[in-house]
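Peer 1: Pasting a structure below so you can have a look.
The values are calculated or read from the model by the stated rules, or taken from the named source; none is laboratory data. Please read these numbers as outputs of a predicted model, since none were measured by experiment. With ideal geometry, Cβ positions are generated from the backbone for all residues, glycine too; neighbour counts draw on all protein chains shown.
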Amino acid sequence: MSGIKRYHKKVSIMSKASSADFAAELFCRELCERIPGFAGLSAEQNADFIFACDDSLGRDSFRIAEKGNSVIMYASGIRGFIYCAGRILRSAVKDDGGFALLPRAFGSFSPYKEIRGHQLGYRTTPNTYDAWSHDDYLRYYLELMYFGMNTAEHIPYENGKSKRNPLMKYDEEEFLIETSGVMDKLDLDLSLWHPNYDGETDESAARVRGRLYSKLKRLDHVFIPGGDPGKLPAADFVSRCRAVSKEMKKSHPQAKMWASAQAPHEIPTWGEDFVKAMSDEPEEIYGIIYGPNHAMPLDELCRRISRRYPVRFYPDITHNVRCEYPVHFEKDDWHYALTTCLGRECTNPRPLEYAHLYAITRNYVCGSVSYSEGITDDVNKVLWSCLDYSGNITAEEAIADYCRLFFFGADTDGIARLIFMLEENWTGSPAQNGTIDKTYEGFVSALSEFPFLGENWRFVQLFMRAQCDKLVRERLLYEQGLLIEAESLFAIGKNDEGLAVLGKDYPGEYKKLREDIEISARFLFERIGLQSEVERYFADNPERGAVLNTIDLPVTDRAFILRKAAENGCEDLLKYFRRSEGAAYHYSVALDGVPDAQQGEPYHNFMGDRPAVNNGTLPTALFNVFDNYTFLHTARGLDDSRSYKLRAVYLDRRLEGARLEIRAGNHTVYSGAQFGEADEEFDRVYGNPGFVSALYDIPRGCVKSGELRLEFSEPTMGVMIAEIFIL
């Protein structure tokens with residue numbers, strides 16, 4: 001390797017500043033884990049690595065230079081020295097029994113963004129953190145600081161009281177008080193996500209919070225959401241933030257109050273009211289947070305709020321569906337089979353997509369503290385920290401750093417490629433995506449070549465995702481084959497034979513892969529506390545990373561048809577294969593995706609990953625529900641000279657007084673109660689619990705040049721639609 005500096009077993013470290021001693025110990029520990037026979041700490045003047053104090057550097061800046069045979073790491077305090085250690089470890093590659101440093105290790109480094117953090121709340125909701133000890137947290141703080149994190153966000157009691165599960169070793173607020181001291185030792189900023197509770201006044205809220213804040217060794221930021229949760233009118237919310245801020249500053253005068261412009265769903269005017277309430281520029285509020293359920297788009301928020309308030313981003317990098325940034329958030333086209341089996345919080349490295357999200361938001365914000373509920377987003381946390389610190393690092397460079405630090409001694413370039421392949425696994429239908437097989441084979445090969453990776457929780461977590469992707473692909477292909485064969489038998493009246501085909505068990509290779517997933521899940525629970533199942537591993541609910549509760553859910557209509565046969569007998573089962581037969585046009589949100597041209601910010605209420613819903617009663621056509629105040633759709637291939645009937649299938653959620661309007665071109669074809677005239681015959685044959693269908697007349701003249709332009713609107717409850725038939 002040309003252009004790199006080599007080190008071997010006798011690497012020594014000398015600290016030249018008391019503030020660097022702890023960092024030097026941590027660095028030494030990291031090297032001991034990587035290099036057999038490492039010499040350890042030394043006070044030699046010619047040590048290979050020297051930690052040296054430079055008071056001219058800011059807390060978040062550092063410098064690494066060569067002097068003779070030594071590497072000098074300059075910083076002004078413990079935080080900077082930890083960043084130095086991280087830069088070295090991210091630039092180290094194994095070399096002839098020791099290691100070598102890439103040239104990128106050297107230089108002067110300062111942060112791009114002021115705030116660079118992640119939410120690491122100790123509570124029942126996360127799929128991991130609640131199983132951790134203080135030592136586990138310390139280790140994770142350091143690992144994220146190696147990539148430039150300077151803020152960790154914690155969460156006090158939810159709803160003002162403790163809510164512990166069997167995994168939790170500590171009371172939530174006792175943990176918070178203790179960890180504030182640990183964070184202070186690392187010079188790691190402590191932020192609190194602290195929502196309002198029902199029944200509080202400004203005075204009682206400030207008093208209760210003030211008692212907690214006074215017990216904390218360190219407190220740098222408090223984040224109060226306007227909604228999610230929260231129901232205060234905007235003016236009252238701003239008043240609450242001001243009252244809590246005054247109390248907070250009694251014990252932590254340097255702490256900053258952040259008001260989050262997240263709007264309660266119950267108050268449609270909240271965003272406008274918030275802008276008005278902030279127009280007085282209250283000095284008790286330091287900045288504004290932009291996050292899920294935002295009151296208005298980011299660019300509009302920045303235009304309408306005084307520039308004296310910096311805006312902090314609260315990106316959701318954990319969730320894949322039913323969230324602010326679902327997989328492929330600009331198209332929202334994650335295939336329903338993957339969404340069903342992997343769910344809302346599976347392991348989800350999305351480096352290219354999140355690098356894109358960062359690029360389109362970076363110029364509006366002073367930094368970010370991400371929403372996180374465990375380690376399933378571990379790759380995304382590292383990526384976001386790298387971006388917030390450097391500003392111009394590429395996703396490829398960040399993932400290479402991740403692999404060099406955490407998989408030292410393995411083929412880190414190869415594992416980095418596999419991480420990007422995991423993201424590519426989620427493109428299109430898994431039945432047609434051969435990358436899934438190649439990704440799985442790549443992980444198997446890496447584990448065979450470097451067996452020690454089998455003890456590395458990060459590698460096993462990524463491998464388990466590859467295993468799950470492959471299982472979904474194998475099941476989808478297998479069941480699609482069964483359905484084709486069964487349909488051909490039903491078509492010639494051989495219903496019993498067709499049902500026998502649909503009832504076939506999975507092949508042995510499939511069952512072996514399913515068993516391997518169980519082994520990975522058990523390892524991850526025992527090693528790092530990852531909760532991949534509700535019953536055995538204490539996941540909060542199936543949404544919270546509990547992929548073992550969703551991995552076996554139906555991904556085709558096989559279970560639906562078998563259930564219908566059991567309920568209604570085996571006559572005329574062919575109709576369930578041909579749901580849209582007789583329709584001039586058929587559209588399903590789940591099967592066909594959402595048309596690009598929509599108003600506002602639609603929500604996708606995906607149903608397929610819910611075990612209580614997707615239990616054989618639901619055809620795949622109803623797996624996804626579009627939820628928005630309007631729904632725009634163009635049906636093509638129709639006859640201009642004909643009249644039609646429109647059948648729409650809705651999620652059956654009703655609100656008294658809701659008024660639905662449907663326009664076809666320039667014609668209003670329906671205006672009235674929420675759904676209108678039920679299609680009773682369709683519901684009798686195809687009806688599904690929780691859904692309702694309705695029929696509407698489309699008169700001649702609505703179709704123009706073969707196209708029928710439909711607009712559904714409902715201003716209070718919204719339009720929750722899953723399927724359209726033009727008859």
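Peer 1: In region 373-398, how many are in contact with a Ser or Thr (Cβ under 9 Å, 6 or more places away or on another chain) and either surrounded by fewer than 20 Cβ atoms within 10 Å (Cβ to Cβ) or more than 15 Å from residue 115 (Cβ to Cβ) (or both)?
Peer 2: The qualifying residues number 10.
Peer 1: Quick check on my filter: what residues within region 492-511 are outside any helix (DSSP H, G or I) and closer than 27 Å to residue 443 by Cβ?
Peer 2: If we filter region 492-511 for residues that are outside any helix (DSSP H, G or I), which is where we start, we get 492-494, 503-507.
Across region 492-511, the qualifying residues are 505, 506, 507.
Peer 1: Just one of the numbered conditions (1) under 30 Å from residue 426 (Cα atoms); (2) without any contact (Cβ under 8 Å) to a residue 24 or more places away in the chain is not true of residue 489; which one?
Peer 2: Tallying (1) under 30 Å from residue 426 (Cα atoms); (2) without any contact (Cβ under 8 Å) to a residue 24 or more places away in the chain, residue 489 fails exactly one: (1).
Peer 1: Looking only at region 158-211, how many residues end up being under 30 Å from residue 22 (Cα atoms), surrounded by 18 or more Cβ atoms within 10 Å (Cβ to Cβ) and among the aliphatic types (A, V, I, L, M)?
Peer 2: 8
Peer 1: Out of all the residues in region 62-78, is one or more under 26 Å from residue 175 (Cβ atoms) and either part of a loop (DSSP other than H, G, I, E, B) or outside the structural domain of residue 20 (by TED's automatic domain parsing) (or both)? Can you show your working first?
Peer 2: The first filter runs over region 62-78 and keeps only residues under 26 Å from residue 175 (Cβ atoms), leaving 77-78.
Now restrict to residues that are either part of a loop (DSSP other than H, G, I, E, B) or outside the structural domain of residue 20 (by TED's automatic domain parsing) (or both): 77.
Yes, that holds for at least one residue.
Peer 1: In addition: Can we say residue 339 is modelled with pLDDT of 95 or more, outside the structural domain of residue 428 (by TED's automatic domain parsing), out of contact with any strand residue (DSSP E or B) (no Cβ under 8 Å at 6 or more places or on another chain) and among the hydroxyl-bearing types (Ser, Thr, Tyr)?
Peer 2: On the way: modelled with pLDDT of 95 or more: yes; outside the structural domain of residue 428 (by TED's automatic domain parsing): yes; out of contact with any strand residue (DSSP E or B) (no Cβ under 8 Å at 6 or more places or on another chain): no; among the hydroxyl-bearing types (Ser, Thr, Tyr): yes.
Taking the combined requirement at face value, the residue does not satisfy it.
Peer 1: While we're looking at this one, here's another question. Filter region 430-449 down to residues that are of a type in the set (Gly, Ala, Ser) and surrounded by 14 or more Cβ atoms within 10 Å (Cβ to Cβ) and give me whichever is farthest from the chain's Cα centre (by Cα).
Peer 2: Within region 430-449, the first condition is being of a type in the set (Gly, Ala, Ser), and the residues that meet it are 431, 434, 442, 445-446, 448.
From the residues that got through so far, the ones that are surrounded by 14 or more Cβ atoms within 10 Å (Cβ to Cβ) too are 431, 442, 446.
Details: 431: 24, 442: 25, 446: 26 Å.
Going through the qualifying residues, I end up with 446.
Peer 1: Right, another one. For region 519-610, please list each of the helices (runs of 4 or more DSSP H) lying entirely inside it that holds at least 3 residues being out of contact with any helix residue (DSSP H, G or I) (no Cβ under 8 Å at 6 or more places or on another chain) and farther than 30 Å from residue 639 by Cα.
Peer 2: Numbers: elements: 534-537, 558-568, 574-577, 589-592.
The helices (runs of 4 or more DSSP H) meeting that bar are 558-568.
Peer 1: Could I ask something else about it? Could you tell me whether region 51-62 includes any residue that is among the aliphatic types (A, V, I, L, M), surrounded by 18 or more Cβ atoms within 10 Å (Cβ to Cβ) and closer than 26 Å to residue 396 by Cα?
Peer 2: Here is the first cut: in region 51-62, the ones among the aliphatic types (A, V, I, L, M) are 52, 57.
In the following step, the residues that additionally are surrounded by 18 or more Cβ atoms within 10 Å (Cβ to Cβ) were identified as 52, 57.
This time we only want the ones that are closer than 26 Å to residue 396 by Cα, so: none.
Within region 51-62 (the criterion being among the aliphatic types (A, V, I, L, M), surrounded by 18 or more Cβ atoms within 10 Å (Cβ to Cβ) and closer than 26 Å to residue 396 by Cα), the answer is no, since none of the residues qualifies.
Every residue, every condition in (1) farther than 16 Å from residue 479 by Cα; (2) buried (at least 18 other Cβ atoms within 10 Å of the Cβ), yes or no:
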| residue | (1), (2) |
| --- | --- |
| 491 | yes, no |
| 495 | yes, yes |
| 506 | no, no |
| 528 | yes, yes |
| 542 | yes, yes |
| 545 | yes, yes |
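Peer 1: Taking the residues in region 151-185 that are of a type in the set (D, E, K, R) and assigned to a strand (DSSP E or B) as candidates, determine which candidate is nearest to the chain's Cα centre (by Cα). It would help to see each step written out before you state the result.
Peer 2: Taking region 151-185 first, the residues of a type in the set (D, E, K, R) are 153, 158, 161, 163-164, 169, 171-174, 178, 184-185.
From what's left, assigned to a strand (DSSP E or B): 153, 158, 161.
Numbers: 153: 16, 158: 21, 161: 27 Å.
Applying the filter and picking the extreme gives 153.
Peer 1: Determine the pairs where a residue that is more than 16 Å from residue 242 (Cβ to Cβ), located within region 266-280, has a partner that is in a loop (DSSP other than H, G, I, E, B) and hydrophobic (A, V, I, L, M, F, W, C) with Cβ atoms under 8 Å apart, the partner being 6 or more residues away or on another chain.
Peer 2: Close Cβ pairs satisfying both conditions: 270/263; 270/295; 271/261; 271/263; 271/295; 271/296; 275/305.
Peer 1: Taking the stated definitions as given, is residue 514 crowded, with 21+ Cβ neighbours inside 10 Å, of a type in the set (D, E, K, R), more than 21 Å from the chain's Cα centre (by Cα) and part of a helix (DSSP H, G or I)?
Peer 2: no
Peer 1: Something else about it: Would you mind telling me which numbered condition in (1) small (Gly, Ala, Ser); (2) part of a helix (DSSP H, G or I); (3) under 16 Å from residue 89 (Cβ atoms) residue 414 fails?
Peer 2: (3) is the only condition that residue 414 fails.
Peer 1: Now a separate question. For region 186-223, which positions are of a type in the set (A, V, I, L, M, F, W, C) and over 28 Å from the mean Cα position of the chain (by Cα)? Please lay out each step first, then the result.
Peer 2: Keep residues of region 186-223 that are of a type in the set (A, V, I, L, M, F, W, C), which gives 186, 188, 190, 192-193, 205-206, 208, 212, 216, 219, 222-223.
Passing the criteria: 205, 206, 208, 212, 216.
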